[in-house]
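Student: This is the structure, below, for whatever I ask next.
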Amino acid sequence: ELGVYGLLFGDAGYGKLDGFLEATIGPVAAYDAAHGTDLLRTLETFLDANGNLTRTAAQLPVHVNTLRQRLDRLDHLVGEGWREGERRLQLHLALRLQRIRGGGGT
């Protein structure tokens, strides 16, 4: 029923899943909770838009400069290099898994 997500985490249990979510998107969720922001949504929208700034800004909706500031904040929270390769995949997967679980934060 969960497709690839079920294969990845079906036998892992919630403890390992929670650990994965905390390690990947936990700092962003904590920042959102502490500052009343919605960087998790920004992150997910950006990843869903394949890194297209114009499309991401339109979907949020914010100015592209505001989006750039948010992405800079994400650089500090999850580490530079998150926009490419394996790190990008991990973040995107974590956001999807969190949504499947129905959680707003970690």
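Student: Would you be able to say whether some residue in segment 40-61 is among the β-branched types (Val, Ile, Thr), modelled with pLDDT under 90 and more than 14 Å from the chain's Cα centre (by Cα)?
Tutor: no
Student: Out of all the residues in segment 5-21, is one or more modelled with pLDDT of 95 or more, in a loop (DSSP other than H, G, I, E, B) and surrounded by fewer than 18 Cβ atoms within 10 Å (Cβ to Cβ)?
Tutor: First, pick out the residues of segment 5-21 that are modelled with pLDDT of 95 or more: none.
No, there is no match, as no residue in segment 5-21 is modelled with pLDDT of 95 or more, in a loop (DSSP other than H, G, I, E, B) and surrounded by fewer than 18 Cβ atoms within 10 Å (Cβ to Cβ).
Student: I've got another one for you. Identify, by number, the condition in (1) in contact with a Leu (Cβ under 6 Å, 6 or more places away or on another chain); (2) at pLDDT 95 or above; (3) crowded, with 16+ Cβ neighbours inside 10 Å that Val64 doesn't meet.
Tutor: Going through (1) in contact with a Leu (Cβ under 6 Å, 6 or more places away or on another chain); (2) at pLDDT 95 or above; (3) crowded, with 16+ Cβ neighbours inside 10 Å one by one, Val64 breaks only (3).
So that you can scan it fast, the table gives a plain yes or no per residue for (1) in contact with a Phe, Trp or Tyr (Cβ under 7 Å, 6 or more places away or on another chain); (2) of a type in the set (Gly, Ala, Ser); (3) in contact (Cβ under 8 Å) with a residue 12 or more places away in the chain:
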position	(1), (2), (3)
Asp38	no, no, no
Glu44	no, no, yes
Leu53	no, no, yes
Asn65	no, no, no
Leu91	yes, no, yes
Leu95	no, no, yes
Gln98	no, no, yes
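Student: Further question on the same structure: Taking only pairs six or more apart or across chains, which ones have beta-carbon atoms under 8 Å, a first residue in segment 72-83 that is among the basic types (Lys, Arg), and a second residue that is in a loop (DSSP other than H, G, I, E, B) and modelled with pLDDT of 95 or more?
Tutor: These pairs meet every condition: Arg83/Gly51.
For every residue, the table says whether it meets (1) closer than 14 Å to Ala29 by Cβ; (2) assigned to a helix (DSSP H, G or I).
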| position | (1), (2) |
| --- | --- |
| Leu47 | no, yes |
| Ala57 | no, yes |
| Leu71 | no, yes |
| Leu77 | yes, yes |
| Trp82 | no, no |
| Glu86 | no, yes |
| Leu89 | no, yes |
| His92 | no, yes |
| Arg96 | no, yes |
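The values are calculated or read from the model by the stated rules, or taken from the named source; none is laboratory data. Model, not experiment: these values are computed from the prediction. Backbone-built Cβ (ideal geometry, glycine too); neighbour counts: all protein chains shown.
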